[in-house]
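Chemist: Submitted below is the structure of interest, expressed as structure tokens.
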Amino acid sequence: MEEYKTIGRESRSEFTVKRSKFISSAKPVETPDEAEKFIRSVRAEHFDAKHNVFAYRTLGGAQKCSDAGEPQGTGGVPVLNAVIKSGAVNAAVVVTRYFGGVLLGAGGLIRAYSRAASDALSKAGIITMEPCIFAQTHCSYGEYKTVSRLILLCGAQEDGTVYTDKVTVKFHIKSVMFQEFQKKLADMTGGQRSASVLKEGFCPGKQ
């Protein structure tokens with residue numbers, strides 16, 4: 001697995017050009033179905049707007065855009081190009097336009113939709129998702145503070161702790177750091193403790 005860029009959160013921004021209001025909405029998505037669901041929700045919210053232009057890209061290689069009634073190539077393509085330029089995947093952007101009565105022309109529309117998409121992406125924040133291992137380890141109550149400190153020292157993050165007759169610590173760590181963590185954990189516990197992999201996935205890297 002390789003790292004990739006996406007957007008960090010949902011966002012919304014707006015501006016007005018010659019009385020036309022542009023409202024841009026962005027959201028992290030993982031599949032085309034999630035993207036389409038987001039697009040439908042924005043359309044439903046802005047049901048009275050004539051144009052809800054959109055574009056999305058996913059990590060799996062799917063991408064789609066729509067002019068949503070604007071002249072061909074003046075809406076969807078500029079929005080998609082903004083997403084591509086940002087480097088983000090697993091991202092969907094919808095730009096809603098409320099027409100203000102003044103024609104913007106093809107060039108004006110392209111500039112406005114490009115700006116709207118870029119604003120939404122910038123506000124959402126571009127983050128890098130790195131390959132991670134989600135794991136757990138067991139230790140005694142007396143060992144817990146030391147294990148917890150080691151997790152932090154290796155740049156990992158605890159995801160939850162269960163206390164029974166022993167302590168079960170769940171955490172996620174960069175894939176490239178997992179073997180080093182295993183070695184250090186074994187060294188500090190005399191070979192008595194190790195971590196088991198729960199799953200592999202992605203987690204946000206340091207920004």
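Chemist: Structure shown: which of K64/K170; K18/K123; K50/K123 lie over 27 Å apart, alpha-carbon to alpha-carbon? Numbers along the way, then the final one.
Modeler: Values: K64/K170 38 Å; K18/K123 23 Å; K50/K123 25 Å.
Too far apart for the 27 Å limit: K64/K170.
Chemist: For K166, go through the lysines and keep the ones whose alpha-carbon is under 28 Å away, minus same-chain ones fewer than eight residues off.
Modeler: K145, K174, K183, K184, K199
Chemist: How much of D119 can a 1.4 Å solvent probe reach, expressed as accessible area in Å² and rounded to 10?
Modeler: Accessible surface of D119 is approximately 60 Å².
Chemist: Next question, about the same structure. Go through the cysteines of the chain and tell me which have no other cysteine Cβ under 4.7 Å away.
Modeler: Singleton cysteines: C65, C139, C154.
Chemist: Take the solvent-accessible surface of the protein heavy atoms, probe 1.4 Å, and return the percent of it on region 1-101 that carbon and sulfur atoms account for.
Modeler: The nonpolar share, carbon plus sulfur, comes to 47 percent.
Chemist: Follow-up question, since we're still on this one. For the chain, calculate the relative contact order in percent as a whole number, restricting contacts to Cα pairs under 8 Å that are 6 or more residues apart.
Modeler: Averaging sequence separation for qualifying contacts and normalising by length gives 23 percent for the chain.
Chemist: So if the hydrodynamic radius of the chain is defined as the Kirkwood radius over C-alpha pairs, what does Stokes-Einstein give as its diffusion coefficient at 10 °C and 1.306 mPa s, in µm² per second?
Modeler: Details: Rh = 19.3 Å.
Calculated translational D: 82 µm²/s.
Chemist: Could you give the length gained by full extension between R149 and E10, i.e. 0.36 nm per residue of separation minus their alpha carbon distance, to one decimal place?
Modeler: Roughly 46.7 nm would be gained on extension.
Chemist: Let me ask something else. Between K64 and F99, take the C-beta separation as r, use R0 = 25 Å, and let me know the FRET efficiency to the nearest 0.05.
Modeler: 0.55
Chemist: Here's another thing I want to ask about it. Can you give me the convex hull volume of the Cα atoms of region 64-142, divided per residue and expressed in Å³?
Modeler: Here the figure is 142 Å³ per residue.
Chemist: Taking each pair of distinct Cα atoms in region 105-170 once, what is the resulting Kirkwood hydrodynamic radius in Å? Walk me through the numbers on the way to the answer.
Modeler: Details: mean 1/r = 0.0635 Å⁻¹.
Computed over Cα pairs of region 105-170, the Kirkwood hydrodynamic radius comes out at 15.7 Å.
Chemist: For K85, list the aspartates and glutamates whose Cα falls under 13 Å from its own Cα; do not include residues on the same chain fewer than 8 positions away.
Modeler: D119
Chemist: Taking only Cα atoms of region 14-61, what ratio of Rg to Rh do you get with Rh as the Kirkwood inverse-distance radius?
Modeler: Looking at region 14-61, the ratio lands at 1.03.
Chemist: So for region 95-141, what percent of the C-alpha to C-alpha distances run longer than 18 Å?
Modeler: The calculated P(r) of region 95-141 puts 58 percent of pairs beyond 18 Å.
Chemist: 7 Å from Cα along Cα→Cβ at both E34 and K18: what's the point-to-point distance in nm?
Modeler: 3.8 nm
Chemist: Same structure, new question: Hey, rough spin-label estimate for Y141 and A186, points 7 angstrom out along Cα→Cβ, what's it come to in nanometres?
Modeler: Going from the Y141 label point to the A186 one covers 3.0 nm.
The values are calculated or read from the model by the stated rules, or taken from the named source; none is laboratory data. Quick caveat: nothing in here was measured; it's all calculated off a predicted structure. Here Cβ is always computed from backbone atoms with ideal geometry, including for glycine, and neighbour counts include all displayed protein chains. We work out accessible area using only protein heavy atoms, side chains counted, and drop any ligands, DNA or RNA first. Shrake-Rupley method; radii C 1.70, N 1.55, O 1.52, S 1.80 Å.
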